[in-house]
Amino acid sequence: MSTADEGLVLVINSGSSSIKYQLLNPESSVVAASGMVERIGEDDGGIEHHADGASTVRRGPIADHTAGLRLIFDMFSSTGRDLRRDGVHAVGHRVVHGGEVFYRPTLIDDAVVRAISELSSLAPLHNPANVAGIESARALLPGVPQVAVFDTAFFHDLPAAARTYAIDAEIAAAHGVRKYGFHGTSHEYVSGQAAVLLGRPPAELNQIVFHLGNGASASALRGGRPIDTSMGLTPLEGLVMGTRSGDLDPGIVPHLVRTAHMDVDQVDVLLNRDSGLKGLSGVNDFRELQRLIDSGDQAARLAYEVYIHRLRRYLGAYLVQLGTVDAIIFTAGVGENSPRVRADALADLSRFGIEVDPAANAANSRVARRISTPDAPVAVLVVPTNEELAIARAARRVAETC
Ligand code: ADP
C-alpha cells in the first residue's frame, strides 16, 4: 500500500537551524516515522531518523533547508519508504507568525508564501525558516496539498482589552503592535483533550493552560475560546522560559541601550537567548536546573523561585479573569514531567478549590490524567501535548477540501 493510500500526512516544523518532522496517520495517531535535521548551515550538522523501531543517524554539513529536506527524503527512501514515489496525502507546516492575516489552517499557494514571508518583521527568526521549509517541500512534492498551521491562529480573536497594548494607538496600528499569542496549536489541543477527559463539552468549561517547555506560555479559556494569553507580539512576553526573560519593565531596554551601550540586536539576543533560567543559573534545561538545586546551588534555587513566582502571578490573574475555573492543565516537557513544578505552582490554594493529590502528582505516566484530589472543585490535569498530531489533522481537513 502506498503512503497516500494510508492517508499519511508529513508534518514539518522548520526552525532557524533545524527541521523536525513526522509522518503520521491523523486518524489513528500512529507515527510511521519521525526525526530531526540539526545544525543547518554549520560544519557539524546531522540527521536522526526513526522508523519501524530503528534509528538511523548521519552526520555531516547541511548547507541550507533545501539540503536538509532532501536529506530527509533520502532517509525515507533508504529506509524503505520513497515519499516521492508513494506520495503523501498532505504536508502540514508549522508556521510561527500568522499576524492579522492568517487565523485558520491555510492551503499554501504562491500568495500565501509571499504573505508569510512579509510577516517576517514580526518573527524574524522563525518565519523565514518556515518559508524555507515550505518552498523546499513544495519543490520536492509538487501536486501534494501543503497546509500552513499557524501558532498564533488560536489567539486571533482575543478580546480587544486583552490584545491591546496601552501605547500610542496610531503607532501600534501602523506597525502591527498587538498581542498575538503563540503555542496556539498546543493550547487548543490540550484544552480539547482535557474536555474529553472530563467528559464535558469545551463550551461548558473555564480552563487555564500552562504550556511549560523550553518556551513557556499560559492561557485562560472560556467555553473553549481564549480570553487571554501570556505571550504577546513575540514569544518573549510572559512566563520565565529556558532562555527568554518573559515579562520585564520595558524601561530596561532603553536603560541598557543608554548605560550598557548595547545596540538593538544585542538586547534582542540578551532577552531571547541569554535570559530566563539560563541567564539566572547558567543552564536552560530544567533537569539540569533541578540537579543544581539539589546540589545546593543558590543561583539555580533563585531561578526556580522566580520561575514559580511568575507562574503563580499568571495563575492569579487568570483565576480572577475567569471568575470560576473548572480545570488547570499542565503540558509540554516541564509541565508533563515535573511534579515539583506542578506542586509548587499550586501550593496552598485549597481556599480557591485547588488541591493537588501528592500521590497522583508523583505518579509517572505518559497519558492524560487528573492529579487533583477527587473532591477538589478544580480539576488539575496533566495532558501530554501533541502539536504534530494537531497539525496533521488540520492539514488533512484542509486537503480534503481541495
Ligand atoms: P520545546 O518543545 O519548547 O523545545 P519541550 O516541551 O520538549 O520543549 O520541553 C523541554 C523542557 O522539558 C526542558 O527544559 C527539559 O529539561 C524539560 N524536561 C523534560 N523531561 C523532564 C523531566 N523528567 N523533569 C523535568 N523537566 C523535564
Is at least one residue of the range 349-366 within 14 Å of the ligand (Cβ to nearest atom), open to solvent by 30 Å² or more (accessible area, probe 1.4 Å) and closer than 25 Å to residue 244 by Cα?
no
Go through the residues of the range 315-338 one by one and say whether even a single one is open to solvent by less than 40 Å² (accessible area, probe 1.4 Å), without any contact (Cβ under 8 Å) to a residue 40 or more places away in the chain and either within 12 Å of the ligand (Cβ to nearest atom) or farther than 25 Å from residue 225 by Cβ (or both).
no
Out of 98, 80, report the one residue that is part of a loop (DSSP other than H, G, I, E, B) and in contact (Cβ under 8 Å) with a residue 40 or more places away in the chain.
98
Quick count over the range 104-157, residues being at pLDDT below 95, assigned to a loop (DSSP other than H, G, I, E, B), open to solvent by 10 Å² or more (accessible area, probe 1.4 Å) and closer than 28 Å to residue 218 by Cα, is 4
Please enumerate the residues belonging to the range 34-61 that are closer than 16 Å to residue 16 by Cβ and surrounded by 15 or more Cβ atoms within 10 Å (Cβ to Cβ).
36, 37, 38, 39, 40, 45
I'm trying to understand the selection: among the residues of the range 203-221, which are more than 16 Å from the ligand (Cβ to nearest atom) and buried (at least 19 other Cβ atoms within 10 Å of the Cβ)?
205, 206, 207, 208, 220, 221
Hits in the range 339-348 - residues which are surrounded by fewer than 19 Cβ atoms within 10 Å (Cβ to Cβ), among the hydrophobic types (A, V, I, L, M, F, W, C) and either part of a helix (DSSP H, G or I) or within 16 Å of the ligand (Cβ to nearest atom) (or both)
343
Return yes when residue 400 is acidic (Asp, Glu), surrounded by fewer than 20 Cβ atoms within 10 Å (Cβ to Cβ) and away from the ligand (no atom under 16 Å from the Cβ) and no when it is not.
yes
Residue under evaluation residue 56, criteria (1) under 27 Å from residue 125 (Cβ atoms); (2) assigned to a strand (DSSP E or B), criterion not met:
(1)
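The values are calculated or read from the model by the stated rules, or taken from the named source; none is laboratory data. Bear in mind the structure is a predicted one, so any value in this text is a computation, not a measurement. Positions of Cβ are backbone-derived with ideal geometry, glycine not excepted, and every protein chain shown enters the neighbour counts. Accessible surface areas use protein heavy atoms only, side chains included; no ligands, DNA or RNA. Shrake-Rupley method; radii C 1.70, N 1.55, O 1.52, S 1.80 Å.
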